[in-house]
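Some notes on the structure that comes next.
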Amino acid sequence: MKSLTRNILLTAALLVAGATSALAASEADFKAAYAAAEAANKEAASLRNQWTTTAATLAAAKKAAESGDFDQAVAQAKEAEALAKASSFQATSEKERWKDLEIR
Amino acid sequence: MASTIRVRATSNGDITEVQALIQHPMDSGFVKDAQGAVIPAHFIQELTFEYDGKAVFVADWGPAVSKDPYVKFSFKGGKKGDDLKIGWVDNKGASDATVAKIL
Amino acid sequence: MSMGKATSLVSAALALATLALAAPAAIAADTPDPVADAKAFQKYFTTKFPKLKLEDFVNGPYSMNEDLHRQWEEKEQFPPYEFALESGKQMFATPFKNGKTYGDCFPNKGIGIRQNYPYFDDKEGKVVTLELALNRCREANGEAPFSYVKDEMASLTAYMAFTSRGKPMDIKIPGDPRALQAYQKGKEYFYTRRGQLNFSCATCHVQEPGERIRAEVLAPALGILNAMPIYRSEWSGMGTTSRRFTTCNSQIRGVPLSPQDEEYRDLEYYLSYLSNGLPISGPGARP
């Protein structure tokens, strides 16, 4: 009983810790998230398929970090990374699909 | 310096139709440049067309008129070969004027 | 972290699935047939708009909407591109510091030749557009190049287009495999979806000509470059083909390439070729 309760409490604590670690983002968290987003955007650049919204979201992330709101900054950086990855995905996924639109 | 006013006035004996294209930035004063600074207001405030010593068309303009404005209007009278005077003054005190023959 | 892995797995799975689905179409791997393409392209648009004559297509949205057409006809009596055209004529006649002129760089002194651009340069193995040729002319004569998107470049190309008004577009694709490749690349660019909005040029200009995107009436792709450069009310000024390509990219939330990058030159080559026979109407005016 006691060990089960302890397990449940431990699991609950870990889950909460997972949740709260996102809530209490640090500058280090931001820097890591931003770097990841930038790297993803660079990949998109090599494919010559960046989105304008990626750069805008990166800028928003930086701005939030500068004002000390690291939660927002991390959220924006992760959004930017998702946008960048989507744009890279688009570059490859659309490569053959143009034929569907072609007038023949 | 070349005139900022292009004008063509044609008379059918009864009515004269006038078209004019004026080169002017017509900055409203509400637009910011790439650096975020406001582009100062710079627009034509008064535009006048005169025939036979009388004003046949006067426009009081403001920031709502766009760049390189085009004007078209008609007035009664006006004979082929007569002069039509056009002039404008802007909010900076600059002006330009020209005279065109009615065709 | 585990979420990320799951997402990328899903993405990868989707990508594979898409590729697998696309494979059968890819098997119809074609050597490009520009003649057949042009025929099909013109047929598509003339069928869609049976009331239009072929040459009407060069007027873009004005041939798609009667009210717009009326306003445009009136505007053409006193067109907004007049200032740029006059400026262009003057610039064209003014010699460089070394005494040479633009005319010295072009066949027929640069008069009445716009309809031959872009062309495929076999020495260089690349497509050369009129804008590119003009800046190369400047640099070859010790002058600084102009921005590709507006102002002087627009004025110069406006004048050169004007000297070719009425002449049919006449783009040549030599029997050089690299020329065919450039044409094909241009075609692929035209139809490939991009930007966060996932639009291709074709999305608007093939699928929806005459329809509206927000307040604008969309132009058909056939003849779409014949009126360039254009005075666009939206820009409150002149813009070149480079300006239109780059701004279109950003409008669909794709970061534009640099003006005159190879993709854009190939795109211009493809689009111009398909409009062969349609008259040059530039410089033009657009909403």
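So which cysteines of chain C have no other cysteine's Cβ under 4.7 Å from theirs?
Cysteines lacking a close Cβ partner in chain C: C:C201, C:C204, C:C248.
Along the charge dipole of chain C, which of C:L132, C:W235, C:Q207 sits closest to the positive end, that is, farthest toward it, with unit charges on the beta carbon of Lys, Arg, Asp and Glu (+1, +1, -1, -1)?
Selected residue: C:Q207.
How high is the relative contact order of the stretch C:124-237? Use alpha-carbon pairs under 8 Å, at least six apart in sequence, and give a whole percent.
Dividing the mean separation by the residue count of the stretch C:124-237 yields 19 percent.
Within chain C, which complete DSSP H helices have Cα atoms spanning at least 20 Å along the helix axis and a mean Kyte-Doolittle hydropathy of 1.0 or higher?
Within chain C the helices that satisfy the rule are C:2-27.
Just the number, please: percent antiparallel of the DSSP beta bridges in chain C, rounded to the nearest 5.
Expressed as a percentage, antiparallel bridges in chain C total about 75.
Would you kindly calculate the mean projected area, averaged across all directions, of the convex hull enclosing the Cα atoms of chain C, in square nanometres?
18.0
So between A:A45 and A:S26, what do we pick up on full extension, going 0.36 nm a residue minus the alpha carbon distance?
Result: 4.0 nm gained on full extension.
Let me check I've understood the local charge: for C:N108, count other residues with C-beta under 14 angstrom from its C-beta, Lys and Arg +1, Asp and Glu -1. What total comes out?
Combined, the nearby Lys, Arg, Asp and Glu give +1.
At 7 Å along Cα-to-Cβ for each site, give me the label-to-label distance between C:D151 and B:Q45 in nm.
3.0
Within 12 Å, Cβ to Cβ, of A:T52, how many net charges do the neighbouring residues add up to if Lys/Arg are +1 and Asp/Glu are -1?
With Lys, Arg at +1 and Asp, Glu at -1, the net is +2.
Once the Cβ-Cβ distance between C:K51 and C:F96 is put in as r, and R0 is 60 Å, what FRET efficiency do you end up with, to the nearest 0.05?
Step by step, r from the Cβ atoms, then E = 0.80.
Could you name the lysines whose alpha carbon sits less than 30 Å from that of B:K80, not counting residues in the same chain fewer than 8 places away?
By straight Cα distance, B:K80 reaches B:K54, B:K72, B:K101, C:K75.
What is the P(r) of the protein assembly as shown, as percent of Cα-Cα pairs per 10 Å bin from 0?
Per 10 Å bin, starting at zero, the Cα-Cα P(r) for the protein assembly as shown comes out as 4, 15, 22, 22, 18, 11, 5, 3, 1, 0, 0, 0 percent.
With Cβ to Cβ distances under 12 Å as the rule, what net charge do the other residues near A:A75 carry (K, R +1; D, E -1)?
-4
Which length gain, in nm to one decimal place, applies between A:R104 and A:A35 when the Cα-Cα distance is subtracted from 0.36 nm times their residue separation?
20.4 nm
Is the shape of the stretch C:183-287 best called rounded, prolate or oblate, per the rule: a/c under 1.5 gives rounded, else a/b larger than b/c gives prolate, else oblate, with a ≥ b ≥ c the square roots of the Cα gyration tensor eigenvalues?
In terms of gyration-tensor shape, rounded.
Under the definition of Cα pairs under 8 Å and six or more residues apart, what whole-number percent is the relative contact order of chain B?
Relative contact order for chain B comes out at 34 percent.
Dividing the alpha-carbon Rg of the stretch C:132-213 by 2.2 N^0.38 Å yields what?
Relative to the rule-of-thumb radius for its length, the stretch C:132-213 sits at 1.46.
Using only C-alpha positions, report the orientation-averaged shadow area of the convex hull of the stretch C:114-159, nm², one decimal.
Answer in nm², one decimal: 3.5.
Can you give the FRET efficiency for B:S95 and C:E66, using 1/(1 + (r/R0)^6), R0 = 56 Å, r = Cβ-Cβ distance, to the nearest 0.05?
Here the calculated transfer efficiency is 0.90.
Set the bar at 27 Å for Cα to Cα. Now go through B:K32/C:K150; C:K48/C:K167; A:K62/A:K95; B:K32/C:K185 and name every pair that lies beyond it.
Beyond 27 Å between Cα atoms: A:K62/A:K95; B:K32/C:K185.
Coordinate-derived values only; no laboratory data. As the structure is a computational prediction, the values presented were derived from the model and not from experiment. We place every Cβ from the backbone using ideal geometry, glycine too, and count neighbours over all the protein chains shown.
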